[in-house]
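> There's a structure below that I have some questions on.
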Amino acid sequence: SDHMENIYGYLMKYTNLVTGWQYRFFVLNNDAGLLEYFVNEQSRHLKPRGTLQLAGAVISPSDEDSHTFTVNAASGEQYKLRATDAKERQHWVSRLQICTQHHTEAIGKNNPPLKSRSFSLASQGSANSPGVQRRPSQNAVSFFSVGHHRLPTGKRVPIMQPDHLVDVREMMSQAEGQQRDLIRSIECLPVSGHLTSLDQDLLMLKATSMATMNCLNDCFHILQLQHASQQKGSLPAGTTISWLEPKISLANHFKNGAAQNFPAEINKPASVREEQSTAEPCQLTREPEEINPDEELEDICDSKEDDLGAVEEQRSVILHLLSQLKLGMDLTRVVLPTFILEKRSLLEMYADFMSHPDLFIAITNGTTPEERMIRFVEYYLTSFHEGRKGAIAKKPYNPIIGETFHCSWRMPKSDVATDAGSNFSAHSPSEQVTPSKDTEGQTELDHYTVKFVAEQVSHHPPVSGFYAECVERKMCVNAHVWTKSKFLGMSIGVTMIGEGLLSLLEHGEEYTFSLPCAYARSILTVPWVELGGKVNINCVKTGYSASINFHTKPFYGGKLHRVTGEVKQNMTNTVVCRVQGEWNSVLEFTYSNGETKYVDLTKLSVTRKRVRPLEKQGPFESRKLWQHVTESLRDGDIDKATEHKRALEERQRNEERLRAETETPWCTKYFLKE
C-alpha cells in the first residue's frame, strides 16, 4: 500500500513511423487503475488524450535499450514508452506492475467462481452464448474472465507430492480440451459482423491461451525431471534444467480459414494461373549452365528497403500467427505474412555478402599467412552490413527447391591494389599485383571478375549452396547453409547451420568459417534485427585462427550490434589482431605492431553486381521466378503478392508430392552432396 500513491511525469510515447517519439505528460491513477496521458502538464485539467485500463495489463521492459518499456492492455491496446534513463524506467515499471496486480486481483474477487465447463461460442442461437451476451459496453477484462476458475476461499493448496503428478496430468488434459474447444469456437465465428473470428480481443485470447498451455507443459516436464532425479538420486553437480520442447503433445492446433476454399480460378490474376499451370513436374534440364559474364549488365534494380517501422496496422495478422505457435517451434513449415518480405530471394542475399569484391580479392594478395588471415577477417566483418541491408527487420523469400541465382562483379586491378594496399589495410606494406591473363591466356584484362552461383539444393530441411570464384587470382569460396528458424516468444531466431570453405590455390590454404545467428526482436511493436553468436575461422595449414563474437544486446544497458574478435597464432597462442565495434557501423582493428585502423562501413564503397536481364534468365532463376511477387511488393499490393507467392509454394508442394509418389530423387544442378 505504501507504493500505491499516484505518480506523474513526462515520458516519451511512440506514436507511429511518421510522427515517431513525442513527449507526453503521464498520470498513474492508482484508485481507478488507469494510466492517462496529456499533451503537457498544463493541460492536465482537461480530458486525457488517452487512457489505458491497467487491470489485466502486461508491463514489459523492452530489450531494445534500458529506457523503453511497453504497456499492453487486456483490450489489445498498447503504449510504447521511453523514460529518460534506466532508473526512471524501473520506477515507472514497478509502480505500474503493482497497480496492475492490485486491480487484476480485485476483478477476480468481484467475480463469483464459475463451474468447470467449456463454453461454445459457435452456438450463436443460444441465449446463454457468451458471444450473444457480450455487449459493446463490456470491456475485454470482463470478457476474458469467462471460464476463469478459482479455488474455494479458505482452502490452502497442498504441497505437490510426486505421486500427485498423475492428477496434474489429468487436470492439464482437461485444460487442453477446454483450450481446444475455445480455439475451435473462435474459429467457427463468421469473418464479418458484430463478433468475428478476427476480433482483436479474441486473437489476443487465442495467443495468450496457447502460450499459457505451452508454459504449463514446460513446467510439468521440469517437475517430471525433478521427480525422476529424486528417484534415481540427486542431480550431478553443475546440472541445470533448461527450457525444453514440450514433451507432452499439445492438442491439434486449428487455423483460421483451414476449411475455406481458395478463390475461384477465374478471380486469380493471369500470371498466377500461369504459375500454377506449371504445377506438373518441370522438365527442366539439370545440367549445369555456363553463364557468359558478357551477357550480364550492371544491376540497376533499386535494392533500397523500407524498414517495417511500427506494425500496428498488421497487429491482427501477427496475433493470429502467434496464436498458432509454440515456444521453440521450428518455423520451417510456417507460412509467414507477406508484408514482412524483402524484395529479394535468400540466394540473392548470399550474393550481396560479396558486395566488396576488392576486399575479397585482396585476401590472396597478403604476403604472409598472418596477413592473409587478418584480411579475411576484415572482409568477413564488412560483408554483413550490405548483406543484411543494415539491420532491416524484413526477411528474404524462401527459395524454391532448384532455384538458382547467378551474378558477377568486375573490379579494376588498380582499385584492388590501391584499396587493399593503402586505404584499407594500413598495417601492411603496399604490394604490387601481378598482372593476370584471362582464362584463355591470350589477352590481358584490366579487371578481375568474381563469378557467383547459388542454388537451393533441399526443401526440407531448407539448405542453400553458394559458390564464388576469381579465376585470375586462383581463389574460390564454397558454402552450404541450413536456415533453421525458431519462435522465441516476442522474437524469432534463425540459426545458420553449415560451413564455408575459402580456398587460396596460390598458397595452398583453406579457411573454414561459419555464420552467426540472426534475431528479429520486438515483433509486436517496432521490429528490429540483430546478429548473435560465436563464429570461428580456421586455417589448418598455417595454424592461424580467428574467434568472432556477435553480441546480442543485454536486457539492461549495452550497445546494439556489437562485435568483438581476435586473430591468433595457435602454436604460440599469440594474438596478432583485435577487433571491436558494430557490424553495421564502425569497426576498430588493432594490430600487434600497435597500429589502429577504423573502418566506417556506411561509407565503404559497394560494387554493384552484374546480372543478366530478366528476358535472358531461366524460369528457375531467382529474379525471374519471383518477379510477380517483387512487382506486387514494389507496387504496395500485398494481396496480389500473397497470391503469387502462394502459387509458387503450391507448385513446389505438388512437385514434391509427385516425386515422393514416384520415388524420384531430386537432382541438384551445380552442387554435389558429400
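> Look at Thr542 and say whether it is in the same structural domain as Tyr511 (by the TED database) and out of contact with any helix residue (DSSP H, G or I) (no Cβ under 7 Å at 6 or more places or on another chain).
So Thr542 does not fit the description; no.
> Just checking, does the range 510-521 include any residue being out of contact with any Pro (no Cβ under 6 Å at 6 or more places or on another chain), among the hydrophobic types (A, V, I, L, M, F, W, C), open to solvent by 50 Å² or more (accessible area, probe 1.4 Å) and more than 30 Å from Trp21 (Cβ to Cβ)?
No, the range 510-521 has no match at all.
> Filtering the range 570-583 down to residues that are open to solvent by 30 Å² or more (accessible area, probe 1.4 Å) and of a type outside the set (Asp, Glu), which residue is nearest to Arg375 (Cα to Cα)?
Arg578
> Within the range 525-569, which residues are polar (S, T, N, Q), within 21 Å of the chain's Cα centre (by Cα) and open to solvent by less than 30 Å² (accessible area, probe 1.4 Å)?
Across the range 525-569, the qualifying residue is only Thr525.
> If I go through the range 34-45 residue by residue, how many of them are at pLDDT below 90 and either assigned to a loop (DSSP other than H, G, I, E, B) or among the hydrophobic types (A, V, I, L, M, F, W, C) (or both)?
Number of matching residues: 0.
> Which ones in the range 587-618 are in contact with a Ser or Thr (Cβ under 8 Å, 6 or more places away or on another chain) and within 22 Å of Ile401 (Cβ to Cβ)?
Gly618 - this is the single residue of the range 587-618 that is in contact with a Ser or Thr (Cβ under 8 Å, 6 or more places away or on another chain) and within 22 Å of Ile401 (Cβ to Cβ).
> Take the range 478-491 and flag every residue that is surrounded by fewer than 22 Cβ atoms within 10 Å (Cβ to Cβ) and among the β-branched types (Val, Ile, Thr).
Within the range 478-491, Val481 is the sole residue that qualifies.
> Only one residue in Leu625, Leu601, Leu633 is surrounded by 18 or more Cβ atoms within 10 Å (Cβ to Cβ), closer than 30 Å to Lys568 by Cα and under 28 Å from the mean Cα position of the chain (by Cα). Which one?
Sole residue among the options that is surrounded by 18 or more Cβ atoms within 10 Å (Cβ to Cβ), closer than 30 Å to Lys568 by Cα and under 28 Å from the mean Cα position of the chain (by Cα): Leu601.
> Every residue in the range 184-200 that is surrounded by 18 or more Cβ atoms within 10 Å (Cβ to Cβ) and in a helix (DSSP H, G or I), please.
Ser185, Ile186, Glu187
> In addition: For residues that are hydrophobic (A, V, I, L, M, F, W, C) and within 16 Å of Met354 (Cα to Cα), scanning just the range 490-524, find the one that is nearest to the chain's Cα centre (by Cα).
Restricting to residues being hydrophobic (A, V, I, L, M, F, W, C) and within 16 Å of Met354 (Cα to Cα), the top hit is Leu515.
> Further, regarding this structure: What residue, among those in the range 1-26 that are under 23 Å from His103 (Cα atoms) and outside any strand (DSSP E or B), is modelled with the highest pLDDT?
This residue is Asn6.
> Here is a follow-up. From (1) under 21 Å from Ala351 (Cα atoms); (2) touching a Phe, Trp or Tyr at 6+ places or on another chain (Cβ under 8 Å); (3) not basic (Lys, Arg), pick out the condition that doesn't hold for Leu614.
That leaves (2) as the condition not met.
> Please count how many residues of the range 523-533 are in a strand (DSSP E or B) and of a type outside the set (A, V, I, L, M, F, W, C).
3
The values are calculated or read from the model by the stated rules, or taken from the named source; none is laboratory data. This one's a predicted model, so the numbers in the text were calculated from it and none came from an experiment. Cβ coordinates were reconstructed from backbone atoms using ideal geometry, including for glycine residues, and neighbour counts include every protein chain displayed. SASA here: full protein model, heavy atoms, side chains in, ligands and nucleic acids out. Shrake-Rupley method; radii C 1.70, N 1.55, O 1.52, S 1.80 Å.
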